[in-house]
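Only one structure is covered here, and it is reproduced in the block below.
The values are calculated or read from the model by the stated rules, or taken from the named source; none is laboratory data. Here the structure is a predicted model, which is why all the values come from computation and not from measurement. Here the Cβ positions follow ideal geometry from the backbone for every residue, glycine too, while neighbour counts run over all protein chains shown. The area values use the complete protein model at the heavy-atom level, side chains included, leaving out ligands, DNA and RNA. Shrake-Rupley method; radii C 1.70, N 1.55, O 1.52, S 1.80 Å.
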Amino acid sequence: MIDPIYALIIFFAVLIVVLVLFFPGKGIITRWKKIKSQTSRVLIEDALKHLYDCEFKNLDCSLNSLTGNLTLRADQTASVISNLESMGLVTSTGNKISLTSEGRSYALRVVRIHRLWERYLADNTSVSETEWHTIAEEREHETTDEDANRLAARLGNPLVDPHGDPIPNADGEILVKQGITLNNLEEGKYARIIHIEDEPKEVYAQLTAQGLYPGMQIYVLQSSKGKIRFEADGEECVLAPVLASNLTVVPFTEKESVQESFENLSSLETDGAATIIGISNAMRGQQRRRMLDFGIVPGTVVHTRLRSLKGDPAAYEVRGALIALRKNQSDLIHIKKIKEN
Amino acid sequence: MVTPDSNCANCPAHNSANLVKLGIDMSNFDYVVALAGNPNTGKSTVFNALTGLKQHTGNWPGKTVGRAEGAFQYSDKRYKIVDLPGTYSLLSTSTDEEIARDFILFGQPDVTIIVVDASRLERNLNLALQVLEITDRAVLCLNLIDEAKRHHISVDDRLLSKSLGIPVVPTAARQNVGIQDLLKNIHEVATGKYICKPYRMKSEIKNVSHAVEDLNKELEVRFPNLANTRWIALRLLEGDQRVIDAVRSGEIGSLTPVETENE
Amino acid sequence: MNNVEEIIQKANKYRWDIGENLHDSILESIYTDAARIADKAVTREGGKQKFDWDRWIDKLVTGRWTGFPIMFLLLVIVFWLTISGANVPSAMIASLLVDTVHPLLKDGANFLHFPWWLSGVLIDGAYLALAWVISVMLPPMAIFFPMFTLLEDFGYLPRVAFNMDNLYRRVGAHGKQALTMSMGFGCNAAGVIAARIIDSPRERIIAIITNNFSLCNGRWPTQILIATIFIGGAVPSFLAGVTSAAAVMIVAVLGVVFSLVVSWALSRSVLKGEASAFSLELPPYRPPRFLQTLYTSLIDRTLMVLWRAVVFAAPAGVAIWLVSNVTIANVSLAEYFIKWTDPYAMIIGLNGVIILAYIIAIPANEIVIPTVLMLTVLTTKVAGFGAGAGVMFEMDSVSDTAALLHTGGWSVLTGINLMLFSLLHNPCSTTIYTIYKETKSMKWTLISTFLPIAMGIVICFLVAQFWRLFA
């Protein structure tokens, strides 16, 4: 019989080795895979994507910015560029690198696949929003065009990714929506968020931490050099102008009606009644459709009927049926309370 | 729009080829009936009441999975009945809803029974109206009428039938109430004695009326036999790939049985 | 000429202008129409609203002070009725099939001059395994499932899900998992099928994978017997009953804890890729229909599960008989295997007999104890127990069973680890097959099979080492 001390030592040694090798995200195996995946194809596609991004934002793209984006040494980037040039995908004049039309359509293809994956992850999985980009970054290089088309079909051919970026269609056509960045919106104006820039990651994380997402109604309370104070769906937020420039908004036209009430269904007291105003865009995919199927559409009258022990979930009477919703769902349903006399 | 084959009383109206594609064995049957409805409306009870306990669905209570099939006979016609999964809608992307939608749209059953809960009519009509968008022949089974009575809710089935353009039969399937009447109505719709004039959505949909009208016009020219081009237009605008493919391949156009018109 | 492609192109152009919220608008307009039509047809009798029973029951069964006690009470009643109600019929079926019919069949086979191996394979192997599975499985299921179905029919079960959801939400699961879990206490295969009621993909797979952590009715007898012998036997006799009952309860509760922990881990790792869309409708209460319920639950649940078990049990019986009767150089295959695995099994505090029993008894947990006893006799060569190689048996007297197991070299540690291993090992083959049918996925079937067994080995190993260190 093996001595228990030794047995335990061996056990924990094996455990540590397994953890070091396979720990999700940080294990040696994942790192090794990441390094191995930096093939020339991945580099080419990432470079094209970056160039397209610069072009889209009307910025000049240089060797330096590309080096930073690809996390490579300058000489490696240079060889990637010359590679691209020989393939006829880019041209460089002096310090400026720009896409040829083939290069642009290749880039759009990669962008399409990337955004489709992000949309898939947002709608059809429970992956958290901070991981969408990273996972899509990996998958975009492994997806064939047919797979991408199948993915698009399955998602109902979506038009925008969860950050509000338009998804190019299979022919490489892309819609450009005009908007202004939040720091350029005047005080006292209403607008709607149409896009949140998801790079760099750190900035995106700060914006999502404030609970911001495309579709929100913005009202600027104060806009100065130091800070921008605004209401997003009724919640007050403060951002530095640098951060605010990562939000693209479209000012309201005359016709558009301003939503005044941003009370949530979760705040409706037991036996209280309210009219649904809308479902927040943060509720996506299947979850959103399920709510609509239950009859939770603008104009529906709901009553809170039951609360479970901790108040979550609570049951609501919706068009004659009793539906239990979790707080994280009822938080995303906007209502206007009905005063009962 | 008038259903082209509605006055063909003797010919088997079902579209056999499409049904066989969906895995339905149609030999020995005159008509095929689909059973649709929200969960918790007693749909399986209706199925059992129509087919008898011998063919009871064998499903987990509360959840029909996939398709269950049964048979019944009424006035010397043999009916095959297909119990579709209980769904709240036909528009979403879940597998269940796809099974139900594809069966009604592409299988073209001779009659679709829509089971609704009489005490929750408004909410159940969501599915009923969606079904009526994609089929011309349906019967509304106003089930759980006893429960509605208990809750002091009464439903005017005649008025409802007039609004929806299809027969409406109040039933209490648990007590076997109204089942004979339901059978009679199924038979009348299947044989073309009752001509449905299904209700089609009227309320304007925000921002899209222009696009829908435009596409609708084009689709009508291209598929003159299609009963509800407006619905197809809406599906195209929603990017529904199954419908896009069907339009592209012409499958949509072959759905309305044209041949009966030529006979 | 108007071309199909052009129409589709045109539609796609329009889509850019219309944007993403079309689906919302369509449903809004359908509901507008639905409301208009319903308003015309429906009249609610005005005047004073009569007493609303549904609301009253709901307040009671989900209430702050009443909800959980009612739930607990009903659970206890269901289990008590199942256990106490099943004992007598189980014993009757066993005495009929095992003690009466089995010898008769043997006599018949002798009379017809069956070769010994044929009557061994068919009667001692296949028949006996069947007899065991039926007698242990049928009565509790025939009582448990109808009661469960009645509560379901009445509309109470969704309220349980409502009460329990807060706990399950924290581990990334659905409140309805409380129901599939309780169903699993009856039979894991039935619990796996019951997971159909969960319509969110991620939560449903979690419920399926973790169902095996509910101690099913094939495993309760093992737990009770082993606890009585080894835990009850280790304390003063006046505490024996309480202690062994507590030990069984601890194992069952441990199962629930494991199911929560595993749910939590799964929802944050492999199942991140599955969609999660919570929805729970609380249907109105309806008076249950006793006869139909009895009929359908008997046909759908009891007989279906029993049939699957029978299909798997018969070949297992054959395998059990063969491994203990096919010999090489006068030593049976079973003995070779046991001798070979014994040293490894010892490391995790079990023994070769248990390992072999669990491998050939994959089809049904019910035959683990009879197989263990038979194999123990086979390897220790003690006389006076059982009816020969390959013939499973159980003993009426717990002290005789204890004596036999002690002869087989079992210690308290073996007992404890057997209880743990009985909780944490692969699901029975009926359940594995059902998981495959329900998920249609090899991946989830393999995970559900090997995850618990890996956990079982690790936990038995740790318990064994610490036991040896400190005891």
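Residues are listed down the side, and each one gets a yes or a no for (1) more than 28 Å from the chain's Cα centre (by Cα); (2) farther than 30 Å from B:L164 by Cα; (3) of a type outside the set (D, E, K, R):
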{"residue": "C:D33", "(1), (2), (3)": "yes, no, no"}
{"residue": "C:R55", "(1), (2), (3)": "yes, yes, no"}
{"residue": "C:T62", "(1), (2), (3)": "no, yes, yes"}
{"residue": "C:W80", "(1), (2), (3)": "no, yes, yes"}
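For C:I7, the criteria (1) at the interface with another protein chain (Cβ under 7 Å from one of its Cβ atoms); (2) at pLDDT below 85 hold in every case but one, which is (2). Could you check, for segment B:118-127, whether at least one of its residues is aliphatic (A, V, I, L, M), outside any strand (DSSP E or B) and more than 10 Å from chain C (Cβ to nearest Cβ)? No, every residue in segment B:118-127 fails to be aliphatic (A, V, I, L, M), outside any strand (DSSP E or B) and more than 10 Å from chain C (Cβ to nearest Cβ).
For segment C:331-374, the set of residues classified as at pLDDT 90 or above and of a type in the set (D, E) consists of C:E335, C:D342, listed by residue number.
Criterion first (farther than 20 Å from B:C141 by Cα, open to solvent by less than 30 Å² (accessible area, probe 1.4 Å) and assigned to a helix (DSSP H, G or I)) does B:L234 satisfy it?
Details: farther than 20 Å from B:C141 by Cα: yes; open to solvent by less than 30 Å² (accessible area, probe 1.4 Å): yes; assigned to a helix (DSSP H, G or I): yes.
Against the criterion (farther than 20 Å from B:C141 by Cα, open to solvent by less than 30 Å² (accessible area, probe 1.4 Å) and assigned to a helix (DSSP H, G or I)), B:L234 qualifies.
Residues that are assigned to a loop (DSSP other than H, G, I, E, B), modelled with pLDDT of 85 or more and under 24 Å from A:G25 (Cβ atoms) within segment A:97-127 comprise A:T125, A:V127, listed in sequence order.
So which of C:A207, C:A190 is in a helix (DSSP H, G or I), crowded, with 24+ Cβ neighbours inside 10 Å, within 14 Å of chain B (Cβ to nearest Cβ) and modelled with pLDDT under 90? Write out each step before concluding.
Details: C:A207 fails: modelled with pLDDT under 90.
Result of the check over C:A207, C:A190: C:A190.
On inspection, B:N262 does not qualify as more than 10 Å from every other protein chain (Cβ to nearest Cβ), more than 29 Å from C:L27 (Cβ to Cβ), at pLDDT 85 or above and more than 17 Å from the chain's Cα centre (by Cα). Screening A:S92, A:S105, A:S82, A:S101 for residues that are more than 20 Å from A:S40 (Cα to Cα) and either open to solvent by 40 Å² or more (accessible area, probe 1.4 Å) or more than 14 Å from chain B (Cβ to nearest Cβ) (or both) leaves exactly one candidate, A:S101.
Screening C:T449 on (1) assigned to a helix (DSSP H, G or I); (2) closer than 28 Å to C:L322 by Cβ; (3) out of contact with any helix residue (DSSP H, G or I) (no Cβ under 9 Å at 6 or more places or on another chain) shows it passes everything except condition (3). If you go through segment B:230-254 and keep only what is at pLDDT below 85 and under 28 Å from A:R289 (Cα atoms), you end up with B:E251, B:I252. Candidates in segment C:193-204 are the residues that are in contact with a Leu (Cβ under 8 Å, 6 or more places away or on another chain) and without any contact (Cβ under 8 Å) to a residue 60 or more places away in the chain; of these, the one that is surrounded by the most Cβ atoms within 10 Å (Cβ to Cβ) is C:A194. Taking the criterion of being assigned to a helix (DSSP H, G or I), surrounded by fewer than 16 Cβ atoms within 10 Å (Cβ to Cβ) and not polar (S, T, N, Q), the residues of segment A:64-79 that qualify are A:G68, A:A74, A:D75, A:A78.
Checking each residue in segment C:19-50 for being more than 7 Å from chain B (Cβ to nearest Cβ) and modelled with pLDDT of 85 or more picks out C:D24, C:L27, C:E28, C:R36, C:D39. Based on what the data block shows, is A:L48 under 30 Å from A:E199 (Cβ atoms) and at pLDDT 85 or above? Criteria met by A:L48. Restricting attention to segment C:384-399, does a residue exist that is over 21 Å from C:S95 (Cβ atoms), out of contact with any strand residue (DSSP E or B) (no Cβ under 7 Å at 6 or more places or on another chain) and of a type in the set (A, V, I, L, M)? There is no residue in segment C:384-399 that is over 21 Å from C:S95 (Cβ atoms), out of contact with any strand residue (DSSP E or B) (no Cβ under 7 Å at 6 or more places or on another chain) and of a type in the set (A, V, I, L, M).
Determine, yes or no, whether C:T445 is more than 14 Å from every other protein chain (Cβ to nearest Cβ), surrounded by fewer than 19 Cβ atoms within 10 Å (Cβ to Cβ) and hydroxyl-bearing (S, T, Y). Break it down into steps so the answer makes sense when it comes.
On the way: more than 14 Å from every other protein chain (Cβ to nearest Cβ): yes; surrounded by fewer than 19 Cβ atoms within 10 Å (Cβ to Cβ): no; hydroxyl-bearing (S, T, Y): yes.
Against the criterion (more than 14 Å from every other protein chain (Cβ to nearest Cβ), surrounded by fewer than 19 Cβ atoms within 10 Å (Cβ to Cβ) and hydroxyl-bearing (S, T, Y)), C:T445 does not qualify.
Across segment B:166-189, the qualifying residues are those that are under 19 Å from C:K40 (Cα atoms) and open to solvent by 10 Å² or more (accessible area, probe 1.4 Å), and the one among them that is nearest to the other protein chains (Cβ to nearest Cβ) is B:V168. Here B:D136 does not fit the description of being at the interface with another protein chain (Cβ under 9 Å from one of its Cβ atoms) and either assigned to a loop (DSSP other than H, G, I, E, B) or open to solvent by 10 Å² or more (accessible area, probe 1.4 Å) (or both).
Within segment B:190-214, track down each residue that is within 8 Å of chain C (Cβ to nearest Cβ) and either outside any loop (DSSP other than H, G, I, E, B) or of a type outside the set (D, E, K, R) (or both). Explain how you work it out, then say what you get.
Of the residues in segment B:190-214, the ones within 8 Å of chain C (Cβ to nearest Cβ) are B:199, B:201-208, B:211, B:214.
B:Y199, B:M201, B:S203, B:I205, B:N207, B:V208, B:A211, B:D214 - these are the residues of segment B:190-214 that are within 8 Å of chain C (Cβ to nearest Cβ) and either outside any loop (DSSP other than H, G, I, E, B) or of a type outside the set (D, E, K, R) (or both).
Restricting attention to segment C:260-287, the residues being open to solvent by less than 40 Å² (accessible area, probe 1.4 Å) and more than 14 Å from chain A (Cβ to nearest Cβ) number 2. When A:P162 is tested against (1) buried (at least 19 other Cβ atoms within 10 Å of the Cβ); (2) part of a helix (DSSP H, G or I); (3) touching a helix residue (DSSP H, G or I) at 6+ places or on another chain (Cβ under 6 Å), only condition (2) is not met. Here C:V326 meets the list (1) under 19 Å from C:I453 (Cα atoms); (2) open to solvent by 10 Å² or more (accessible area, probe 1.4 Å) almost entirely, failing just condition (1).
When C:Y295 is tested against the conditions (1) within 27 Å of C:C216 (Cβ to Cβ); (2) open to solvent by less than 30 Å² (accessible area, probe 1.4 Å); (3) of a type in the set (S, T, Y), the lone failure is (2). Of all the listed residues (C:W53, C:W65, C:W16), the sole one being at pLDDT 85 or above, within 11 Å of another protein chain (Cβ to nearest Cβ), farther than 30 Å from C:E394 by Cα and open to solvent by 30 Å² or more (accessible area, probe 1.4 Å) is C:W65.
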